[in-house]
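Single-structure report; data block below.
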Amino acid sequence: MIKKNNIPDIRSEVLLNYLYPEKAKDWIVRGEGVFYRNYNSDLFEIDDETHEILLSRDGFLKLLPQGVLTEQTTIKGDTPIEKFNRTQRRMRLLKEAFLPIDTFHFQQSLKIEDQTSELLQAKLPYVLKTYFGVDIENEPNRFVREAALLLPYVSRMRGNFGEVASVLGSLLHCEVRKKTGRYSETDTTRRWLPSVRFELLIPGLTPDEYRQLDEELEPLRDFIKEWFIPFEMHCSIVIKEHHDMRKPNAKLVLDYNTELKK
């Protein structure tokens, strides 16, 4: 089946290693020329049945001098159409002749790209463990493992409550409401801290499901407060269900689907 490349900015090696990791040595490469790069993506087409790919790159043939393509006997004695047809036939023959060289070169490039990807994948856990003290490979909590990948950007994200809310929404696959205000343990305005509250709107949880998810979120709460919330702020991350549960036989869970109206 012939497939078009709909990701114009991605290199062919990256895309093929991702889509077909087991076919690195099977591809047959045909270069259409770098002239087309301004109008198309690096990879034109993928035929996973014949294992042929079309690239907007120059092949080995483009490196040869022009004398290889033009015979001196064609300068005279033939009509322009005959000269053109003869040149096109020689081009086709030469492309087929140099096809193994272009294919071998591309396979080597695929191998290098695969090794580079492995190094980059191993780099992030090393950086997180060495510079941030977070070992994601041995972290038992699934939410913390995913959130830790953002630590290299912590200097930009710390205190940005909109981005923190987006991270929580992506991790929990839910809507998140953000509220800022003041926090005081004595309910006075003499001593207070700025506060931020993230409400994870997850409807339909049973009491057991709510308790289980709330316990699983505890390591994530500590992680978010430590890395993404300023030290002088009070932060709370709670699971809520904001809709009317005042129905017959409705099960109300304290601090989940119960609300106090003023």
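The values are calculated or read from the model by the stated rules, or taken from the named source; none is laboratory data. Here the structure is a predicted model, which means the values were calculated and not measured. Here Cβ is always computed from backbone atoms with ideal geometry, including for glycine, and neighbour counts include all displayed protein chains. All accessible areas refer to the heavy atoms of the entire protein, side chains included, with ligands and DNA or RNA removed. Shrake-Rupley method; radii C 1.70, N 1.55, O 1.52, S 1.80 Å.
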How much FRET efficiency would the formula 1/(1 + (r/R0)^6) give for ASP58 and ASP222, where r is the Cβ-Cβ distance and R0 is 41 Å, rounded to 0.05?
0.15
I'd like the accessible area for ASP114, computed on protein heavy atoms only with a 1.4 Å probe and all protein chains in place. Round to 10 Å², please.
70 Å²
Among the listed pairs LYS129/LYS179; LYS129/LYS225; LYS179/LYS225; LYS62/LYS123, those beyond 26 Å (Cα-Cα)
LYS129/LYS179; LYS62/LYS123
So the FRET efficiency between ARG11 and SER236, C-beta based with R0 = 51 Å and rounded to 0.05, is 0.70
Two-site FRET efficiency, THR87 against ARG145, from Cβ-Cβ distance with R₀ of 45 Å, rounded to 0.05:
0.15
All other residues with a Cβ under 13 Å from the Cβ of GLY159 taken together, and with Lys, Arg as +1 and Asp, Glu as -1, what is their net charge?
+2
Counting only backbone N atoms under 16 Å from a point 7 Å out along Cα-to-Cβ of LEU124, the residues of region 141-157 in range are 142-154
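Leaving out ligands and nucleic acids, note down the accessible area per residue over region 84-195 with a 1.4 angstrom probe, in whole Å².
71 Å²
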Using label points projected 7 Å from each Cα along Cα→Cβ, tell me how many nm separate LYS111 and THR50, to one decimal.
2.7 nm
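How much length is gained on full extension from GLU215 to ARG158, taking 0.36 nm per residue of separation minus their Cα-Cα distance?
Stretched out fully, the GLU215 to ARG158 stretch lengthens by 18.1 nm.
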Under Karplus coefficients 6.51, -1.76 and 1.60, residue-wise ³J(HN,Hα) of region 122-138 in Hz, glycine/proline x:
7, 5, 4, x, 5, 5, 5, 6, 7, 9, 10, x, 10, 9, 6, 6, 10
Using a cut-off of 12 Å between beta-carbons, work out the net charge of the residues near GLU218 (Lys and Arg +1, Asp and Glu -1, GLU218 not included).
-1
For TRP192, other-chain or 5+-apart residues with amide H closer than 5 Å (H placed, Pro excluded) are none
Could you work out the local net charge near ALA97, counting Lys and Arg as +1, Asp and Glu as -1, over the other residues with Cβ closer than 15 Å to its Cβ?
+4
Counting sequence-distant residues (5 or more places) and residues on other chains, those with an amide H built under 5 Å from that of ILE28 are GLU52, ILE53
Output the direction-averaged projected area (hull surface divided by four) of the convex hull of the alpha-carbon atoms of region 105-186, in nm².
9.0 nm²
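Ranked by accessible surface with a 1.4 Å probe, highest first, in what order do ARG197, ARG11, ARG221 come?
Values: ARG197 75, ARG11 110, ARG221 20 Å².
Output order, biggest surface exposure first: ARG11, ARG197, ARG221.
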